[in-house]
1. Which of the residues spanning region 185-229 are polar (S, T, N, Q) and buried (at least 18 other Cβ atoms within 10 Å of the Cβ)?
2. Restricting to region 163-179, what's the tally of residues that are of a type outside the set (D, E, K, R) and either more than 14 Å from LEU144 (Cβ to Cβ) or at pLDDT below 95 (or both)?
3. Here are the criteria: (1) more than 18 Å from ALA126 (Cα to Cα); (2) surrounded by 20 or more Cβ atoms within 10 Å (Cβ to Cβ); (3) modelled with pLDDT of 90 or more. Tell me which single one PHE182 does not satisfy.
4. Does ALA112 meet the test of being at pLDDT below 90 and in contact with a Lys or Arg (Cβ under 6 Å, 6 or more places away or on another chain)?
5. Starting from residues that are at pLDDT below 85 and surrounded by fewer than 18 Cβ atoms within 10 Å (Cβ to Cβ), keep the ones in region 51-78 and report whichever is farthest from ASP24 (Cα to Cα).
6. Residues to consider are ASP159, ASP138; find the one that is surrounded by 18 or more Cβ atoms within 10 Å (Cβ to Cβ), closer than 26 Å to GLN115 by Cβ and at pLDDT below 95.
7. Of all residues in region 162-179, count the ones that are crowded, with 17+ Cβ neighbours inside 10 Å and either within 15 Å of PHE207 (Cα to Cα) or among the polar types (S, T, N, Q) (or both).
8. Say we look at region 47-63 and pick out the residues that are in a helix (DSSP H, G or I) and small (Gly, Ala, Ser); which of these is nearest to VAL33 (Cα to Cα)?
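The values are calculated or read from the model by the stated rules, or taken from the named source; none is laboratory data. Predicted, not measured: the structure shown is a model, and the values here were computed from it. Glycine also receives a Cβ, built like all others from the backbone with ideal geometry; neighbour counts cover every protein chain displayed.
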Amino acid sequence: MPARRASSPAARRTGAAGSRPSPDELGQRLRAVREERGMSLRALAKLIDVSPSFVSQVELGKASPSVGTLYALVNALGLSLGDVMPEEEAEEAPRPAVEPAGSVVTWPRSRAHVQRGDSRPRIRMAGVLWERLTPDDDPMVDFLYVTYEPGSASCPEEDLMRHGGREYGHVISGRLEIQVGFETYQLDGGDSINFDSATPHRLSNPFDVPAVAVWVVVDRRGDNRVAPTTNWESAHLPALM
């Protein structure tokens, strides 16, 4: 059996606590891309239907976006979740492009195959923790280990998420309440769910213990049924997650 590869200094720096961006780092990344796109604060705020002052607070690290608002931000800026998650500097390399070949999409070539549990890229938002389960950003699939603390939710009750793709979730422990359209489901450990991400939906944990799940979103960016110019918050019946 091959020996387990030792962690590089960069990997150790991006370990458990250090592998998620601080609010300052997340805001700086979003601001840098917005300015690179030549987009004003007001234009970005209008695109996702929030106030310019809220976008400014996020960029300054003084406010933490909800899961739904983060999804809206990354989609409006043409980013992926991986773009706002820290990467291991020692293995930094240009991300492979996804090239259409007629009606067939070519899957990107992966730089690495194994993601160690102690160095997952992370994002924390208002009681919700996302940990990426792939060593590279995969433009075709969001493969995530998610933790919802008691009382946390992906978006407000009156403003459900809606975005491209299809979702598959498996609850490992705790309980999750999931609304899909007009139906609400309570999932216990061992339960699974799948649904069309274009259907307004909301994940929440109104229970007393943390809920842990593995979540997969397929073709979020390739599905153009929900355009980036959609009003991501109010178009939810009611966006990133």
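1. Step one: of region 185-229, the residues polar (S, T, N, Q) are 186, 192, 194, 197, 199, 204-205, 224, 229.
Matches in region 185-229: SER197, SER204, ASN205.
2. Step one: filter region 163-179 for residues of a type outside the set (D, E, K, R), giving 163-165, 168-174, 176, 178-179.
Applying the additional criterion that residues be either more than 14 Å from LEU144 (Cβ to Cβ) or at pLDDT below 95 (or both) yields 163-165, 173-174, 178-179.
Total meeting the criteria: 7.
3. (2) is the only condition that PHE182 fails.
4. Details: at pLDDT below 90: yes; in contact with a Lys or Arg (Cβ under 6 Å, 6 or more places away or on another chain): no.
No: the conditions fail for ALA112.
5. GLY78
6. Working: ASP159 fails: closer than 26 Å to GLN115 by Cβ.
Going through ASP159, ASP138 in turn, the sole match is ASP138.
7. First, the residues of region 162-179 that are crowded, with 17+ Cβ neighbours inside 10 Å: 162-165, 167, 169, 171, 174-179.
Now narrow it down to the ones that are either within 15 Å of PHE207 (Cα to Cα) or among the polar types (S, T, N, Q) (or both): 171, 174-179.
Selection size over region 162-179: 7.
8. Taking region 47-63 first, the residues in a helix (DSSP H, G or I) are 47-48, 52-59.
Now restrict to residues that are small (Gly, Ala, Ser): 53, 56.
Numbers: SER53: 18, SER56: 14 Å.
Going through the qualifying residues, I end up with SER56.
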